[in-house]
Every structure is written in C-alpha cells, then in structure tokens.
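Here's the structure we're looking at; comments come further down.
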Amino acid sequence: MPLTQSPFLLYSDGQGNIFEDTTLYALGRTGWDAVPVDVDNWIELPDGGNLYELPGRRGIGLDVETNELRLCDKGIAVAAFIPPAYTGFYMAAFETHAEAPTLPLFCYTAAAWYNNKFYVTGTRIEPDIRQEKSGYDAEKIQAGVAKFTKAYPDNRLVKHLADTCCNTYECPAARNFFLGRWECPIPSSPACNANCLGCISFQPEEESIVSSHDRLVFKPTVEEIVEYTVPHLETAPYPIISWGQGCEGEPLLMWETIRDSIVEIRKHTQKGSININTNGSNPVAVKKLMEVGLNSIRVSLNSFRDEYYTPSYRPNNYQLQDLIESLKTVTDMGGWASINYFVFPGVTDSVAEVDALLKAIEYTKLNMIQWRNFNIDPDWYLGNLGVTDTGACYGMAQMLQIVREEFPQIKFGYFNPPIERIRGNFEEAFAH
Ligand code: SF4
C-alpha cells in the first residue's frame, strides 16, 4: 500500500527486538548524508527481505515536531537487506561510534515502519522470479541433490555445488540447478586478478570482516564441466549456464578451459544460453570465447570512474578500460552484454557517475544494466576510497529515469536473461 506520509524510524534493543520511534520520521542515506525520502520511494518490505540491527550505530531521523535531524536515543540503528530483484534507493541513515565494528558484506537499505508494516526504499527492477524465496522447496532440492550426486559420483564440481553451494551457502543458483531449472552455476577459478574491497570469496587476514564464501580450491576439467551442463541445457526450462560465481575468483583466468568446454558443449546441444560473469579484465580472451559460442557476458563494477573503480577493485595487470573493451567486444560480435552495477546511493546516482555511465553505454552499445545492491559497510567503503564528498546527485529513482530516456532500448534487471528473453519478447515476465 503506497504511503501518504513519511514512515517512522526503526530501532533495536540490541536483543533482536525492533521497535518504531514515532517521534522521528525515517530518513535515507546518500553518500555521507542523511536526507528526507520522497514518500513514493518507499515500498513494503518484500518477502525474502531481512531486518538487521547495526551494532555501535544510532539511527538519524527527522523530529516530527521540530522537523530537525536528530539521533534516536532509544536504541541502535536498523537497516534492511532487500531481496534479489529489488534495487534500493537509499541506505540506512545512522551515526557510527568510534569503536563500532565494521559491518559484514550485506546491503544496508533504509527501512521504516508505518501502519503495522515495514517499509524500505527501492523498486522491483526485475520481473523474473528465479530467486523468489517462496519458490524453493527444500524436499525437492534434496531429492535433486541425491539424484545428481548419484548420477555424477566422481564429479568434483557437482559435489562442490551440492555440499558447499547448495547445502552450506544455500546459493539460489545452485538450488535452481538441483531443481533442474533456469540458471546453472559453473564455478571454475580458484584465483583472481583483482583484490576487491568487498570480495565475498576472499578477505585478507588483516581485514576485520570475513568473506561470506570460501573460494573454490580446485580447477575443474572440461569433462567435469560438460558432464552436468549439457543435460541442464537440454532439459531445464529457460536454461542458462554461467561461469563466474560468488564462490570463485575470476573465470577469465581459466579461459582456455572455458573455451574448450563451450566447444564440447555445443557439439552436444544448441539449446540455452552460455554466459560468463566476470570482472572483464581480458578482452582478448572474451573475443576467443565469443568466437566459439559464448552468448552473453556480465561485467561487475562499482563505477565507470577510475577514481572509484581502481581503489575498490585494486586490479593486478588490468585497468578499467579493459572491461569497457570486453563489453564492446561482445556487442560488436552480436552477443548480449550486461553490467552488474553495484548500486551505492550517492555514488552511483551522482552527476559525475551518470555522465560516465552514459558515455560507456554509448561506446559499448550495452544491452542491459543489472542494478545490484552493493553489499558493503558504507563508512568502510567510502573511508577506504578516501571519499569525503560524493558530489551532487540525482537520486536513484531519477537516475533510472534519465538512463531510460537517454537509451530507451537498454534493459533493466537483476538477473542474466535466458536466450528466450535475449532473442524474444524481453519484457515478457516468465510465468515459471
Ligand atoms: S573480481 Fe570477484 S573474485 Fe575477484 S576480488 Fe573482485 S569480487 Fe573477488
């Protein structure tokens, strides 16, 4: 139900109990600033979303009487993790105490309360329901795990997808594989040529936060990859197979194995889409993969501006321009190119970033933007980049509008599209 007034700030007692403070309206955070949020930018907390209490932090709200900003002194700050398919417009507004711990690698979207409902800022950006919480039947998943591990007893990758990805991390892509549907993961690279601040598969010892996944420790063979991916492409609805998962490093470091796998796979089936999620560091390797049948690429980045990209990705032997060339290579060769754009309000929607994005779209002929919430502690991120002022910004809602008006053909979403959407009616929401 759309709001007609600002909702109230949320706070926690530190024991997992969350309350509303009706003396304070909720605000949003953009860059380092706490700002009022337009009532149209609030939506009900979607199914699958979570609320977090933020240790060592106090919420900043707008006093309902004086209309002035002030801290909530009733408890600690609260934020929301909004589920995949939704893009957040503002982060939670809070003040961090000096001894507060760094927050783990989740997104911290602004959350509030009104009329017995929780609200968050954002929008549903993706109609595809492949990662809907309600779509996962645990019994069917375990039946699939039993069936596939029995069918491929010596396949280390299927064992990794079962024991680690599905049954330890509850990875949505791995669970979809064991349910015999949609996008199937192919983690392949134990190493990476970048050192991202917010890497979810590797965090240096000296960092206070831990990575949410352990990185793959073996290099799968072409045979192991082909053995389970060909049947998936042949039998799954809207089938996609994807290199570049959260539990691995950079797949382009394994491009020869990927090339040989694609060649072998396409000897057995022409069905589905073959995709790579990557940091885009090697356009020459991307060209070689396109030559043998790669269909789509998704390049991850936090910014098209070097002063944000390089201190965040800390690349070894490549640079921002390389990933731009990788995107252009794919569209030049008739493939589908997406960016996995880490949304950080205040940075992503800044005037300078929007300008850089529009130039990159013009040059690369990009097909799709996946507006992915950036899973990172905002203070830690901006602090490590040495950013004290993120500059003038449009607001995420207006930014989406600007990009749509400038490039009406570009698609918005959150997930890699299957070949049916790439070559068919893209807007068709799949009634799976
Ligand atoms: S490119 Fe991916 S795997 Fe490599 S450091 Fe960055 S987040 Fe981690």
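The values are calculated or read from the model by the stated rules, or taken from the named source; none is laboratory data. In this text the structure is predicted, and so the values were computed from the model without any measurement. Ideal geometry is used to build each Cβ from the backbone, glycine not excepted, and the neighbour counts take in all protein chains shown. Heavy atoms of the whole protein, side chains included, go into the accessibility calculation; ligands, DNA and RNA do not. Shrake-Rupley method; radii C 1.70, N 1.55, O 1.52, S 1.80 Å.
Structure summary
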read-out: Total residues in the range 369-394, condition of a type outside the set (Val, Ile, Thr) and open to solvent by less than 20 Å² (accessible area, probe 1.4 Å); value: 7
read-out: Of residues in the range 395-418 being among the aliphatic types (A, V, I, L, M) and buried (at least 20 other Cβ atoms within 10 Å of the Cβ), the one farthest from residue 124 (Cα to Cα); value: 399
read-out: Counted residues, the range 279-299 - those being open to solvent by 20 Å² or more (accessible area, probe 1.4 Å) and under 16 Å from residue 194 (Cβ atoms); value: 3
read-out: Complete set of residues in the range 39-79 that are over 16 Å from residue 118 (Cα atoms) and open to solvent by 50 Å² or more (accessible area, probe 1.4 Å); value: 55, 58, 65, 66, 67, 68, 69, 70, 71, 73, 74
read-out: Test for residue 258: is it hydrophobic (A, V, I, L, M, F, W, C) and out of contact with any Cys (no Cβ under 9 Å at 6 or more places or on another chain); value: yes
read-out: Residue 141 being assigned by TED's automatic domain parsing to the domain that holds residue 412 and within 16 Å of the ligand (Cβ to nearest atom); value: no
read-out: Yes/no for residue 174 being within 16 Å of the ligand (Cβ to nearest atom) and either open to solvent by less than 20 Å² (accessible area, probe 1.4 Å) or at pLDDT 95 or above (or both); value: no
read-out: Residue in the range 374-391 that is of a type in the set (Phe, Trp, Tyr), touching an Asp or Glu at 6+ places or on another chain (Cβ under 6 Å) and outside any strand (DSSP E or B) present; value: no
read-out: Candidate set from the range 178-215 (those that are under 13 Å from residue 245 (Cα atoms), open to solvent by less than 20 Å² (accessible area, probe 1.4 Å) and modelled with pLDDT of 95 or more); member that is nearest to the ligand (Cβ to nearest atom); value: 189
read-out: Enumeration of residues in the range 127-144 that are surrounded by fewer than 20 Cβ atoms within 10 Å (Cβ to Cβ) and not in a helix (DSSP H, G or I); value: 127, 129, 132, 136, 137
read-out: Residues within the range 325-363 that are surrounded by fewer than 24 Cβ atoms within 10 Å (Cβ to Cβ), farther than 27 Å from residue 380 by Cβ and under 21 Å from the mean Cα position of the chain (by Cα), tallied; value: 4
read-out: One residue from 83, 153 being part of a loop (DSSP other than H, G, I, E, B), at pLDDT 95 or above and not assigned by TED's automatic domain parsing to the domain that holds residue 341; value: 83
